[in-house]
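**Student:** Structure provided below as structure tokens; questions to follow.
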């Protein structure tokens, strides 16, 4: 059985915010302890529910006969991940059905919980350039052809993929990179380690990056922008 209550956090970076606490009481066992649901709010934009919203959510869960903590946790993909990571401290098949559809938490689940590749989550991950890059870099630790199709179209992660995964030039990603002045500069500086004529057209149009390019790549005057 799970008991819930709205509570106001008293310390830490989120002090003053309202959240929901859970207490799971198992049959024939001692009384459970209260567990803060710090992540019930939105971690990304740092917004948290009001006391009234917490109480309304509790009422909704109770009206729907959610009688177990695990049923509550699976209601939210973020909660499902943190429940597996912090409470079970291992894989949670029931929660994986939700987690596998979110590229961010599918990546974290593979990285923090499974500690390796997770084929079921790769379908979502491979469609997001950022999480596909992190998956290749930190989990596969090498090239990931399935994710390259989306990575190559994002100048930031195409540059990072070339630098950290391929560790050299990546022709498929250069089309996107050369049109972004910032990552055209980084690609020349960190990957090519020399002049890159294809990227100079974008770089020359920004005074800051034109200066950086002249100083750190050309290492001298660049008449083209004078």
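**Student:** I'd like to know if the stretch 158-165 contains one or more residues that are free of Cβ contacts under 8 Å to residues at least 24 places away in the same chain and touching a helix residue (DSSP H, G or I) at 6+ places or on another chain (Cβ under 9 Å).
**Tutor:** Within the stretch 158-165, not a single residue is free of Cβ contacts under 8 Å to residues at least 24 places away in the same chain and touching a helix residue (DSSP H, G or I) at 6+ places or on another chain (Cβ under 9 Å).
**Student:** Given the criteria surrounded by fewer than 21 Cβ atoms within 10 Å (Cβ to Cβ) and more than 21 Å from the chain's Cα centre (by Cα), does residue 184 qualify?
**Tutor:** No, not satisfied.
**Student:** Only one of these conditions is not met by residue 86: (1) at pLDDT 70 or above; (2) surrounded by fewer than 13 Cβ atoms within 10 Å (Cβ to Cβ); (3) over 23 Å from the mean Cα position of the chain (by Cα). Which number is it?
**Tutor:** Unmet condition: (3).
**Student:** Answer yes if at least one residue in the stretch 85-98 is assigned to a helix (DSSP H, G or I) and closer than 30 Å to residue 190 by Cβ, and no otherwise.
**Tutor:** no
**Student:** OK, next. Looking at (1) free of Cβ contacts under 8 Å to residues at least 24 places away in the same chain; (2) part of a helix (DSSP H, G or I), find the lone condition where residue 142 falls short.
**Tutor:** Tallying (1) free of Cβ contacts under 8 Å to residues at least 24 places away in the same chain; (2) part of a helix (DSSP H, G or I), residue 142 fails exactly one: (2).
**Student:** Checking the condition assigned to a helix (DSSP H, G or I), within 19 Å of residue 117 (Cβ to Cβ) and either out of contact with any strand residue (DSSP E or B) (no Cβ under 8 Å at 6 or more places or on another chain) or at pLDDT below 95 (or both), which residue from 147, 173 passes?
**Tutor:** Residue meeting the stated conditions: 147.
**Student:** Okay, moving on. Only one of these is modelled with pLDDT of 80 or more, part of a helix (DSSP H, G or I) and farther than 30 Å from residue 135 by Cα: 110, 56. Name it.
**Tutor:** Only one candidate passes the filter, namely 56.
**Student:** Looking at 115, 128, 102, which is the one that is surrounded by fewer than 20 Cβ atoms within 10 Å (Cβ to Cβ) and within 18 Å of the chain's Cα centre (by Cα)?
**Tutor:** 115
The values are calculated or read from the model by the stated rules, or taken from the named source; none is laboratory data. What you see is a predicted model; the values in this text were computed from it and never measured. Counting neighbours? That spans all protein chains shown, and the Cβs are built from the backbone with ideal geometry, glycine included.
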